[in-house]
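A short write-up of the structure that comes next.
The values are calculated or read from the model by the stated rules, or taken from the named source; none is laboratory data. Not measured: the values here are computed from a predicted model. When we count neighbours, we look across all protein chains shown, and the Cβ atoms used for this are built from the backbone with ideal geometry, even at glycine.
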Amino acid sequence: MSIEQLYPDIPPTKLRNQEEKFRPAKTTPFWLWVANRFFFNMLENRFFALRFKGEEYFHNRDETIPTIAFAPHTNWWDGIVGYNLCTRIFDKEIRLMVEELNRFPLLRRAGAFPVNKKSPQASMKALQYSVDVIEDLNNVLYLFPQGIIKPPNARPIEFQTGLAYIAQKAAIKYGKVNLVPICVNYFFLRADKPEVLVEIGEIMTLDATKMNRKELSQFLEKKLEHACDKQNSDISEGKLKGYKTLFQQKLNWYRKIEQRLKKIEIQGSGV
């Protein structure tokens, strides 16, 4: 893939024009046990740490109504981060809409289900399933409403209509629905590997609103963009207060030596 093709505006299923049969998520205790360990180990192997804040907003939500979380989509790791966020911090099962799931069918066992974006009609089964699946309050629907991967910190944040459609239909069906904005960033801080920083935003409760779908989508765009911009600003200024650590790697041997050398004062060296 050339550098010019890293961020195409056309979804993969439409670009490749391949049929994909809809199959619902199908989790079992065994496969969830496998996925929990596999996806957590993936993060541990590639990142120095995963830190999070704002989980109190989620835990203080109205637990009697369904929940939809939505986040920006900047790279391949976003789904893995979302999975660990739902299972290890929210203590819920994730339901994740994945394009071209036929290439990774085992992800159904972890809570994924396919979406075909060749046309609005082709994607309708996934949208309808999204509304139905959150009736089980043990599930959190985790969406990337931009619809395709965008460059890191691309502005403005623009959504496709899927999130607004699902949220409105869910609010009508269940009376209300929780909407949870999630900010996710990948930064090199003081370590030799990047860190994942997740900030969970304030819950928005949507009822059967008179706001039309376009207005709702624009409203949610601005909410997520504002939250992500604030997180970026805080991190750029070194303001990491309030973050908790899901995991952090131990220092490598050369970093331990570095730490020891910093404690040695050599007279006349200027160190």
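Computed values, structure above
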| quantity | calculated |
| --- | --- |
| In region 98-126, the residues that are within 27 Å of His59 (Cα to Cα) and surrounded by 18 or more Cβ atoms within 10 Å (Cβ to Cβ) | Val98, Leu107, Arg108, Ala110, Gly111, Ala112, Phe113 |
| Unmet criterion (only one of (1) among the polar types (S, T, N, Q); (2) buried (at least 16 other Cβ atoms within 10 Å of the Cβ); (3) without any contact (Cβ under 8 Å) to a residue 60 or more places away in the chain) for Thr67 | (3) |
| Any hit, region 153-162, residues being in a loop (DSSP other than H, G, I, E, B), surrounded by 20 or more Cβ atoms within 10 Å (Cβ to Cβ), modelled with pLDDT under 95 and not acidic (Asp, Glu) | no |
| Output for region 62-119, where each listed residue is aromatic (Phe, Trp, Tyr), at pLDDT below 95 and over 14 Å from the mean Cα position of the chain (by Cα) | Phe104 |
| Condition check for Trp76: of a type in the set (Phe, Trp, Tyr), farther than 26 Å from Ile172 by Cβ and assigned to a loop (DSSP other than H, G, I, E, B) | yes |
| Unmet criterion (only one of (1) at pLDDT 95 or above; (2) more than 18 Å from the chain's Cα centre (by Cα); (3) not in a strand (DSSP E or B)) for Arg190 | (1) |
| Some residue of region 165-181 being among the basic types (Lys, Arg), in a helix (DSSP H, G or I), surrounded by fewer than 20 Cβ atoms within 10 Å (Cβ to Cβ) and in contact (Cβ under 8 Å) with a residue 12 or more places away in the chain | yes |
| Matching residues in region 123-161 - criterion: being out of contact with any Ser or Thr (no Cβ under 7 Å at 6 or more places or on another chain) and of a type in the set (D, E, K, R) | Lys125, Asp132, Glu135, Asp136, Arg155, Glu158 |
| Looking only at region 70-95, and only at residues there that are hydrophobic (A, V, I, L, M, F, W, C) and more than 21 Å from Pro152 (Cα to Cα), the one that is surrounded by the most Cβ atoms within 10 Å (Cβ to Cβ) | Ile94 |
| Only one of Glu199, Glu221 that is buried (at least 20 other Cβ atoms within 10 Å of the Cβ) and touching a residue at least 40 places away in the same chain (Cβ under 8 Å) | Glu199 |
| Qualifying residues in region 196-255 (those that are in a helix (DSSP H, G or I) and among the aliphatic types (A, V, I, L, M)) - the one farthest from Lys53 (Cα to Cα) | Leu216 |
| Count of residues meeting criterion [over 16 Å from the mean Cα position of the chain (by Cα) and of a type in the set (Phe, Trp, Tyr)] in region 174-186 | 1 |
| Near pairs, Cβ below 6 angstrom, 6+ apart or cross-chain, from region 130-157 (over 21 Å from Ile89 (Cβ atoms)) to any residue that is surrounded by 14 or more Cβ atoms within 10 Å (Cβ to Cβ) and of a type in the set (Asp, Glu) | Ile157/Glu221; Ile157/Glu225 |
